[in-house]
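Asks: Below you'll find the structure I mean.
The values are calculated or read from the model by the stated rules, or taken from the named source; none is laboratory data. Every value quoted in this text rests on a predicted model; they were computed, and no experiment measured them. Reconstructed Cβ throughout: ideal geometry from the backbone, glycine too, with neighbour counts over all protein chains shown.
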Amino acid sequence: MNKNSFIRIISAIVLVAFGLLTLYLSSSILFDWFDVRAKQGNYVLFIVGINFSCAILYLTAAYGFIIRKLWTVKVLLTALIILLLGFVGLLIHINTGNLYETKTVGAMIFRIVFTIILLGIAKKIFKK
């Protein structure tokens, strides 16, 4: 197994794990499974929706890594754009005095950095 194959497989595993975790957590709030909404405090609904969308994109990108497809880069770039737009929306939400959890800001920054790293890996692996 060469270095690129190893990195590609590890990236796919990380994306599947993070994507499934994100899908579970965001859908639990969206669909109020196990009365999760009551336990979440001041969640920002549009951020939960963005996280749900990105979870699906992460799982799609993981599949792209597995089957070695160039479109993986586009999927991760789409996730990054959605996250950046969501972060701008979150900052507007915060600056207009709406309720939010401080951990949401940190989580969004983490997701953005995580996606940038995986996008960089995908670009390196799938360069023409």
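Asks: How many residues are free of Cβ contacts under 8 Å to residues at least 12 places away in the same chain and of a type in the set (Gly, Ala, Ser) if we restrict to the stretch 12-24?
Replies: Number of matching residues: 1.
Asks: Can you go through LEU25, LEU91, LEU70 and tell me which one is surrounded by 15 or more Cβ atoms within 10 Å (Cβ to Cβ) and not charged (D, E, K, R)?
Replies: After applying the criteria, what remains is LEU25.
Asks: OK, next. From LEU99, LEU20, grab the single residue that is assigned to a helix (DSSP H, G or I) and either over 18 Å from ILE116 (Cβ atoms) or of a type in the set (Phe, Trp, Tyr) (or both).
Replies: One residue alone meets the criteria, LEU20.
Asks: Looking at ILE50, ILE66, ILE121 in this structure, which one is over 24 Å from LYS3 (Cβ atoms), β-branched (Val, Ile, Thr), touching a helix residue (DSSP H, G or I) at 6+ places or on another chain (Cβ under 6 Å) and modelled with pLDDT of 95 or more?
Replies: After applying the criteria, what remains is ILE50.
Asks: Sticking with this structure for a sec: Looking at the stretch 25-44, I want the residues that are in a helix (DSSP H, G or I) and have a partner that is at pLDDT below 85 with Cβ atoms under 8 Å, at least 6 apart or on another chain. Which pairs are those?
Replies: Short answer, once both residue conditions are applied: SER28/PHE34; SER28/VAL36; ILE29/VAL36; ILE29/ARG37; ILE29/GLN40.
Asks: Next question, about the same structure. Which one of these is under 11 Å from the mean Cα position of the chain (by Cα), in a helix (DSSP H, G or I), surrounded by fewer than 16 Cβ atoms within 10 Å (Cβ to Cβ) and at pLDDT 95 or above: ILE13, ILE9, ILE81?
Replies: Answer to the selection: ILE81.
Asks: What's the number of the condition LYS128 fails, among (1) at pLDDT 95 or above; (2) over 15 Å from LEU45 (Cβ atoms); (3) over 11 Å from the mean Cα position of the chain (by Cα)?
Replies: The one condition LYS128 does not meet is (1).
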